[in-house]
Amino acid sequence: MKVLIAEDDMIASRVLEAALIKLGHEPLIAFDGQAAWEILQTESVRTVVSDWQMPRLDGLDLCRRIRKKEGDYVYFILLTQMAASDKNLHEATDAGVDDFLAKPIDANALWMRLRVAERILGFTTEVRQLESFLPICGYCKKVRDDHNYWQQIEEYINTRTGTNFSHGVCPDCIEKVLKPQLAKLGITMPPITTE
């Protein structure tokens, strides 16, 4: 998987890059938080390993930006030499950090966190796919919302998107439904022209 490294220390960055390659991942490197943010605008990256203290944009501000961004969930691992005080942990967790990794990097700890990241990202993808399904009645075409309330599809879509609908009858339904119904009533439908 692609893993974005946001680390301003050149040596620490290269050590982390080598460890990721050895673990079978594809590392992308940014030497500060702003550069990492710019990479995230063009690359499809679901995992970030970021230092806490960096120039231009620190790790927590990078994480906050990622959390505000629309799209797939990004798993965020924060690297730190800072003492793991309750205040620091709370601040980082409130910013949206998923996990922590102490410096210097331990390859086994990195491997374990990336395995957890892969598992969680897999679950988030499954949830997103399930949320994209729209329960619709096969008979009347009403749609069920999150509160188990059934409503006409037009009303459901209008409520969520503001889209308004005009109604008509498609050519297939004219032939298969409307003409047979009119014939039962003894009414012959005149030919429809598209001119």
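Rule-based calculations on the coordinates, nothing more; no lab input. Keep in mind it's a predicted model, so treat the numbers as computed, not measured. Don't worry about glycine lacking a Cβ; one is built from the backbone with ideal geometry, like all the others, and counts go over all protein chains shown.
Among SER166, SER44, rank each residue by its count of other Cβ atoms within 10 Å, from fewest to most, as a rough exposure measure.
Lowest count first: SER166, SER44.
Please give me the summed charge of the neighbours of CYS170: other residues whose Cβ is under 15 Å from its Cβ, Lys and Arg +1, Asp and Glu -1.
+1
Nearest 10 degrees is fine. How inclined is helix 33-42 to the longest principal axis of the chain, computing both from alpha carbons?
Computed tilt is about 30 degrees.
Please sort 159-165, 9-15 by packing, taking for each peptide the average over its residues of neighbouring beta carbons within 10 angstrom, highest first.
Highest-to-lowest ranking by the protection proxy: 9-15, 159-165.
Rounded to the nearest 10 degrees, what's the angle between the helix 10-22 long axis and the longest principal axis of the chain, both from Cα atoms, 0 to 90?
Rounded to the nearest ten degrees, it is 60.
Note the angle between two axes, namely the Cα long axis of helix 86-95 and the longest principal axis of the Cα atoms of the chain, as a number of degrees from 0 to 90, rounded to the nearest 10.
Taking Cα atoms only, the helix is inclined about 30 degrees.
Only Cα pairs within less than 10 Å get springs; with that Gaussian network setup on the chain, which residue of ILE29, ILE77, ILE21 has the largest fluctuation?
Highest fluctuation among the options: ILE21.
If I build a Gaussian network model for the chain, linking alpha-carbon pairs within less than 10 angstrom, which residue out of GLN53, GLN152, GLN129 has the largest mean-square fluctuation?
Looking only at GLN53, GLN152, GLN129, the biggest GNM fluctuation is shown by GLN152.
Give the residue from GLY162, GLY186, HIS147 lying farthest towards the positive end of the charge dipole for region 134-195; charges sit on Cβ (+1 for Lys and Arg, -1 for Asp and Glu) and the dipole is referred to the Cα centre.
GLY186
Using the Kirkwood formula over every pair of different C-alpha atoms, what hydrodynamic radius in Å results for the chain?
Across the chain, the inverse of the average 1/r is 20.9 Å.
Most mobile of CYS140, CYS170, CYS63 per a Gaussian network model of the chain (Cα springs, under 10 Å)?
Of the options given, CYS170 has the highest mean-square fluctuation.
Stick to Cα atoms and the Kirkwood definition of Rh, then tell me Rg/Rh for region 60-102.
0.98
Work through the residues other than LYS142 whose Cβ is under 14 Å from its Cβ and net out their charges, Lys, Arg +1 and Asp, Glu -1.
Cβ neighbours under 14 Å give a net charge of -1.
In nm, give the distance between the simple-model label positions of ASP61 and ASP106, each being 7 Å from the Cα along the Cα-to-Cβ direction.
Going from the ASP61 label point to the ASP106 one covers 3.2 nm.
How large is the dipole of region 2-131 about the Cα centre if only Lys and Arg carry +1 and Asp and Glu carry -1, each at its Cβ, rounded to the nearest 20 debye?
Once rounded to the nearest 20, the dipole reads 180 debye.
Among residues other than LEU89 whose Cβ falls under 13 Å from its Cβ, what is the net charge (Lys/Arg +1, Asp/Glu -1)?
With Lys, Arg at +1 and Asp, Glu at -1, the neighbours total -4.
Starting from 0.36 nm per residue, how many nanometres of slack lie between LYS87 and PHE165 once their C-alpha separation is accounted for?
22.8 nm
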